[in-house]
1. Given the residues Val50, Val23, Val31, which is the only one that is of a type in the set (A, V, I, L, M) and out of contact with any Gly (no Cβ under 9 Å at 6 or more places or on another chain)?
2. Restricting the search to the stretch 17-43, which residues are assigned to a helix (DSSP H, G or I) and touching a Ser or Thr at 6+ places or on another chain (Cβ under 6 Å)?
3. Can you name the residue in the stretch 475-489 that is out of contact with any Phe, Trp or Tyr (no Cβ under 6 Å at 6 or more places or on another chain) and modelled with pLDDT of 65 or more and is also surrounded by the most Cβ atoms within 10 Å (Cβ to Cβ) among such residues?
4. For the stretch 385-460, please list each of the helices (runs of 4 or more DSSP H) lying entirely inside it that holds at least 2 residues being polar (S, T, N, Q) and more than 30 Å from Lys356 (Cβ to Cβ).
5. So, in the stretch 432-449, exactly how many residues are of a type in the set (S, T, N, Q) and either touching a Leu at 6+ places or on another chain (Cβ under 9 Å) or closer than 12 Å to Gln319 by Cα (or both)?
6. Quick one: which helices (runs of 4 or more DSSP H) lie wholly within the stretch 105-189 and hold at least 2 residues that are closer than 30 Å to Tyr300 by Cβ, touching a strand residue (DSSP E or B) at 6+ places or on another chain (Cβ under 8 Å) and modelled with pLDDT under 85?
7. Return the residues of the stretch 258-269 that are within 15 Å of Leu47 (Cα to Cα) and surrounded by fewer than 17 Cβ atoms within 10 Å (Cβ to Cβ); say none if nothing qualifies.
8. Going by what's in this entry, would Ser396 be described as among the polar types (S, T, N, Q) and within 19 Å of the chain's Cα centre (by Cα)?
Amino acid sequence: MKKNLIAKIKESLGSVLPVAAVVFLLTVTVVPISGELFFMFFVGTVLLIVGIGMFTLGADTSMIIIGEKIGAKLTRLRKVWIILPICFVIGVLVTVAEPDLKVLAEQTPIADTNVMIWSVGIGVGLFLALAFLRIFLQIRISAVFIIFYALIFIFACSPLITPSFIPSAFDSGGVTTGPITVPFIMALGLGLSSIRGDKTSAEDSFGLVAMCSIGPILTVLILGALNNTETAEQVLSQPGSYDSVAQAFREFLYAFPHYFKDVASALLPIVAFFLLFDVIFLRLDKKTMLKIFVGLGFTYLGLVLFLTGANVGFMPIGQYIGESLAGNGFAWVLVPIGMIIGYFIVSAEPAVHVLKQQVETITEGRISARALETSLALGVAASVGLSMLRVLTGISIMWFLIPGYALALIISCIVPPIFTSVAFDAGGVASGPLTATFLLPLAMGACSAVEGGKIAEDAFGIVAMVAMTPLLAIQILGLVSKFKSVPVKETASGQVFPITLDAACDKAVFTDNGKGETV
């Protein structure tokens, strides 16, 4: 376990350091900061590195196992009327407990925090149940996306919805798929589809995260229709000033109990549900249960460290950099800086590590972790750059979301279905805690310093933009993979097999009656 933890921390070190290096360069060049604020950023970086390492180790040995076993058992029940309400309850429980959602709900000015959280939770629960029905009925996922996203945009463009609700509605679809939700729901999808064992079961194991991102958008838009009033503009509090490093350090000490409590309340409903499910259905042996609970311990501590580092160390400096650049004649520099930060920040999201591992394992290397990460990084870089452009110009988010999703849905009818499922899952996964705690404050800070800037309409929506661009990037990866498939492999017996270049284009796979072999 110690060896695995060290390996995970080294992996997270490589993910977080590029982001920290970019921020450090900004602070020693165009945005000088106090020693106390820099100390908080440094401590936050260390907490992020250790936290991500512990979380990913814990997720591998607990959340993923729990999700797979519950999913497989639910499918074996063969009773839809039992499975659907269980999926709904699971969706609500894991969502209202998601730390990302609480961060967004506390920052958004459009609705009461608890109303926002429970509206989003109900949306996820409903669409997790619908996602199971899709797997059960073997409906092509691109058809489901086309229907529901068409409904979303028709509704969003109607006069029933106050414009200030639209960015937050799309943001809510991104933040619900965070470090607690993603490992559990992805593993649940694997369990739900594995029992079928047919040739499309691997494809159907993806897509649950994407389906769960649709529900919150619809429910928050409905909330906007019911609360059709103009939202009061939010006034940002200034990042704290500290008299000494010791005073700054106390901010972390004050925050730890808060996040110990928050993460405990997030995990306890899942653990309680799992224990009840185990008593009734699974009856796992003691060795497996011990492994799961040790993993849950690492997951818990890792999330506490990560969220403390992100919220206390990263959020204030993100807002400060945004305000300073936009208010000191460097406003347009926000676009390239945002793109650079976006490129590196995706690797630091905890759930991205889970997605990469799941995708490479289930696709047997057809979609490599390296190719997936590069596609995500390019997509997020483009989305953050466009988001900074929105902040500076006040362009409506719909001018980006409608053509972006329309193009993604058109491509989904062409590429192999597994690329569509992975792409839409990746959109939700990429918009995790660091997006909510660093990129969103960066946009809010810049918006507050721009003349005429409206935080609710111009700054919010950055999570939605981050969730959209991976849909295009990864499906384009699928198009490249599809068009590079050529039948050239001939065996000694004279048989010819189709060779398919993998997503990274660094190896080829030929198939023999469905059994892949690396050339």
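1. Numbers: Val50 fails: out of contact with any Gly (no Cβ under 9 Å at 6 or more places or on another chain); Val23 fails: out of contact with any Gly (no Cβ under 9 Å at 6 or more places or on another chain).
Exactly one of Val50, Val23, Val31 is of a type in the set (A, V, I, L, M) and out of contact with any Gly (no Cβ under 9 Å at 6 or more places or on another chain), namely Val31.
2. Start the filter on the stretch 17-43 by keeping residues that are assigned to a helix (DSSP H, G or I), which leaves 17-28, 35-43.
Across the stretch 17-43, the qualifying residue is only Ala20.
3. Taking the stretch 475-489 and keeping what is out of contact with any Phe, Trp or Tyr (no Cβ under 6 Å at 6 or more places or on another chain), we get 476-477, 479-488.
Restricting the remaining residues to those that are modelled with pLDDT of 65 or more gives 476-477, 479-483.
Numbers: Ile476: 19, Leu477: 26, Leu479: 14, Val480: 15, Ser481: 21, Lys482: 14, Phe483: 9.
Selected residue: Leu477.
4. Details: elements: 398-412, 417-430, 440-449.
Those helices (runs of 4 or more DSSP H) do not exist here; none qualify.
5. We begin by selecting, within the stretch 432-449, every residue of a type in the set (S, T, N, Q); these are 435, 437, 448.
So of that shortlist, the ones also either touching a Leu at 6+ places or on another chain (Cβ under 9 Å) or closer than 12 Å to Gln319 by Cα (or both) come out as 437, 448.
Residues in the stretch 432-449 being of a type in the set (S, T, N, Q) and either touching a Leu at 6+ places or on another chain (Cβ under 9 Å) or closer than 12 Å to Gln319 by Cα (or both): 2 in total.
6. Details: elements: 113-137, 141-156, 165-175.
Output list is empty.
7. Step one: list which residues in the stretch 258-269 are within 15 Å of Leu47 (Cα to Cα), which gives 259-260.
Matches in the stretch 258-269: Phe260 only.
8. Details: among the polar types (S, T, N, Q): yes; within 19 Å of the chain's Cα centre (by Cα): no.
So Ser396 fails the test.
The values are calculated or read from the model by the stated rules, or taken from the named source; none is laboratory data. All values derive from a computational prediction rather than experimental measurement. In this analysis, Cβ positions are derived from the backbone assuming ideal geometry, glycine residues included, and neighbour counts consider all displayed protein chains.
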